[in-house]
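Read through the structure below, which is laid out as C-alpha cells, and then see the notes.
We did not get these values from a lab; they are worked out from the coordinates using the rules stated. Given the structure is predicted, the values throughout are model-derived calculations rather than measurements. Please note: Cβ atoms are built from the backbone with ideal geometry, for glycine as well, and neighbour counts cover all protein chains shown.
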Amino acid sequence: MSLTDLAVQRCISPSCGATYSTSEALVACGKCGSLLDVVYDWNRGKPPTSLKDFEQMWSRRHEPLRFSGVWRFHELLPFANPAAVVTVGEGQTLLQQADGVAKYVGLNAGRLYLQYEGMNPSGSFKDNGMSAAFTHARAIGAKRAACASTGNTSASLAMYCSVTKLMKAIIFVGSGKISYGKLAQALDYGALTVQIAGDFDDAMARVKEVSRDLGIYLVNSVNPFRLEGQKTIMFRVLEALRWEVPDWIVVPGGNLGNSSAFGKAFSELLELGLIDRAPRLAVINAVGANTLYELYENRKMRWDSATGDMCQACNYYKELDRDGKKASTLASAIEINRPVNLTKCLRALEVCDGVVREVTDQDIMDAKAQVGTGGIGCEPASAASVAGAKMLRREGVIAADDRVVCILTGHLLKDPTATVAYHTTDQDQFNKVLGSRGVKRASFANRAVAVPNDLDEIIKAIQLYS
Ligand SMILES: *Cc1c(COP(=O)(O)O)cnc(C)c1O
Ligand SMILES: [Zn+2]
C-alpha cells in the first residue's frame, strides 16, 4: 500500500466534520462544500519528540527521501509510505540573512531573513506542494493532472510530469496573463497548455468543472495534499534558525495556499509540543488584488473558531461582479480576486495572530530592486513580502529588533519583462510595462550605460561610472 492508515481528509468546518479516505481525490467536502484538511492520528504515527531529531536526516542525504527538503520531514506529513513518495529533489532552499534589505525595511542588522523558495527545481515554492500532490496522485492511480495557473503552478506541474512521466499535464492560463519565464517552462516541459479568454479567476472556475467532468486530478491548492508539502517551508525556516521560532513570517497572498499551509504547520507543531509559540503571520496583498485585505482588515471578517460568517466573502464577490472589478497587478502570481483558500487562511491568521496589508505595484517594484541588490533576487509577487514588512515596520506593528522572515516565493528570472522595464532607459518600455500599472518611478534603477563602439569612449565611460 502506498498510502498509510494514519491520515484522513476532514472537512474544516467543525459543525460538519465529515471525513473521507485519503484514497479519494477531493477538492471540497461532499456534504457542505467547505475545504478539506489532511489530518493525522499522531498517537499511532511516530512524530519526533524534538525538532532537533530531524538533524539526523542530514547524514542520510544519499537517500532520496532525506535529500528532499519536503520528505526529510516525512514524519510530519505521513499520509504516504516513505517508499512511495515522489521527489525530484525539491526544497533545497536557503534562509539568507539580508542586512541590506533589513536596512531598507527598517530593521536592525541581523534581524531580517529571506527564505529563497526560488531555488526549487522549477523556480518557485510550488514544488513543495507538487511533490506531495504527485505522491497522492500516484498512490490513487491518477493518469492526468490539471491546474489553473498564473504561471508557477503550471511550471511546477509540467516539470513533475516531464521528470516522473507519471501523468500528463493539462494547464489552464488566462490569456496574456502569464509571464514569459513561466510560459516558457510549461511549453518546454511539454504540457498541454489551454489559454482561456479570461483571467485567473475564470481559468480556476473552468478547471474545476473540467476536472470534475473528466475525472482529471486537480493540483491547485484546493487539493489538501499540496498544502501538506508546503508546510515544510516553515519546517526549513525553523531548521535554519536552529529551531528558534521567529517573531514574524511575512508572505505574499494570492490563492492563500501558502499562508494556510503555514498556519497548519504551526498549529500542528504546537499540538505536538514541538514549539511553544507560533510566530505572527503577515499576509501581503497587492492593492489591485486585495480581497483578503478588504475582508480581514476593513470588514473584519474572522474565522472565530469556525463560528465566523463566511458569507461575507460571497457578498463581496457579488459586489465585484456588480462593479465588473477584475484583479490587476503586475505581480501576476498574486493577481487573484477570489482566493480559493480564504477560509483556511482566516484560520491561519487566528492561530498566528495575523495581520494583512496591501502594497502598491510601486512599493513592490522598489522592494524587488532592493532584494536584487541585497540578495539573490525574486519575481515581483515575492517582493510584496518585503514591501509589506517595510509598511508594518513604519506603522510600528513590527519592531526594529523583531526577527522577521520574508518568504521569497519565486525566482528573479520568472518575469524578466518587469525587471528589465524597471531598469530601462527606454521610457516607452517603462510606460508600457510599469507605467500602465501606476508605477511612476524606478527609485533604484540600475541603468545600462550607452556608449559608441569606440575603445576610448568605453574606457571613459567605465572610469566615469565605476
Ligand atoms: C503562487 C504564488 C504566490 C501566491 O501564493 P498563494 O499560496 O497562492 O497565496 C506568490 N508568489 C509566487 C511567486 C507564486 O508562484
Ligand atoms: Zn463539510
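Say each of residue 457 and residue 323 gets a label point 7 Å from the Cα, pointing the same way as Cα to Cβ; how far apart are those two points in nm?
5.2
Arrange the following residues from fewest to most other Cβ atoms within 10 Å of their Cβ: 74, 136, 423, 62.
Going from sparsest to densest Cβ surroundings: 62, 423, 74, 136.
Putting +1 on Lys and Arg Cβ atoms and -1 on Asp and Glu Cβ atoms, find which of 342, 406, 396 reaches farthest to the positive end of the dipole of the range 319-466.
It is 342.
For the charge dipole of the range 214-354, defined by +1 on Lys and Arg C-beta atoms and -1 on Asp and Glu C-beta atoms about the Cα centroid, which residue among 320, 232, 283 has the Cα displaced farthest towards the positive pole?
The residue sitting most towards the positive pole is 320.
Taking the Cα centre of the range 90-139 as origin, work out the dipole magnitude from +1 charges on Lys and Arg Cβ and -1 charges on Asp and Glu Cβ, in debye rounded to 20.
80
Can you check what the net charge comes to around residue 105, using other residues whose Cβ is under 11 Å from the Cβ of residue 105 (Lys, Arg +1; Asp, Glu -1)?
Value of the local net charge: +3.
Just grab the label-to-label distance for residue 436 and residue 244, each label 7 Å out from Cα along the Cβ direction, in nm (one decimal).
Using points 7 Å along Cα→Cβ, the separation is 4.7 nm.
Once the other residues with Cβ under 15 Å from the Cβ of residue 416 are scored (Lys, Arg +1; Asp, Glu -1), what is the net sum?
+1
For the range 150-167, just list the computed ³J(HN,Hα) in residue order, Karplus coefficients 6.51, -1.76 and 1.60, θ = phi - 60°, integers in Hz, with x standing in for Gly and Pro.
7, x, 7, 5, 5, 4, 5, 4, 4, 5, 4, 5, 5, 6, 8, 6, 7, 8
Near the amide H of residue 301, under 5 Å away, which other amide H atoms are found, from residues 5 or more places off or on another chain, if H is placed in the peptide plane?
Result for residue 301 returns 296.
Have a look at 20, 207, 101 and report the one farthest towards the positive end of the charge dipole of the chain, computed about the Cα centre with Cβ charges (Lys/Arg +1, Asp/Glu -1).
20
Give me the number: length gained by fully extending residue 213 to residue 108, i.e. 0.36 nm times residue separation minus the C-alpha to C-alpha distance, one decimal in nm.
Between residue 213 and residue 108, full extension yields 32.4 nm more.
What FRET efficiency comes out for the pair residue 271/residue 143, r = Cβ-Cβ distance, R0 = 51 Å, nearest 0.05?
Between residue 271 and residue 143 the formula returns 0.90.
With each label point set 7 Å from Cα along the Cα-Cβ vector, what nm distance links residue 446 and residue 184?
Once both label points are built, they end up 1.8 nm from each other.
For the range 62-121, give the magnitude of the charge dipole about the Cα centre (Cβ charges: +1 Lys/Arg, -1 Asp/Glu; no others), in debye to the nearest 20.
180
³J(HN,Hα) across the range 234-244 via Karplus (A = 6.51, B = -1.76, C = 1.60, θ = phi - 60°), whole Hz, x for Gly/Pro?
The phi angles translate into 5, 4, 6, 4, 4, 4, 5, 8, 6, 6, 8 Hz.
Using amide H atoms built 1.01 Å from N in the peptide plane, name the residues 5+ places from residue 69, or on other chains, whose amide H lies under 5 Å from its own.
Amide H neighbours of residue 69, under 5 Å, 5+ apart: 90, 91, 92.
Please work out how much length the chain gains when fully extended from residue 399 to residue 41, using 0.36 nm per residue of separation minus the C-alpha to C-alpha distance, in nm with one decimal.
So the chain would gain 125.0 nm between residue 399 and residue 41.
Summing -39500 (n - 2.57) over the DSSP H runs of n ≥ 4 in the chain and dividing by its residue number, what mean residue ellipticity at 222 nm do you reach, to the nearest 500 deg cm²/dmol?
Using -39500 (n - 2.57) per qualifying helix, the result is -11000 deg cm²/dmol.
Quick one: putting +1 on the C-beta of Lys and Arg, -1 on the C-beta of Asp and Glu, what dipole do you get for the chain around its Cα centre, in Debye to the nearest 20?
540
Where does each of 244, 63 land when they are ranked from fewest to most other beta-carbon atoms within 10 angstrom?
Fewest-to-most ranking of 244, 63: 244, 63.
For the chain, what is the convex hull volume of its Cα atoms per residue in Å³?
Convex hull volume per residue, Cα atoms: 159 Å³.
Can you put 249, 170, 216 in order, fewest other beta carbons within 10 Å first?
Ranking 249, 170, 216 by Cβ neighbours within 10 Å, fewest first, gives 216, 170, 249.
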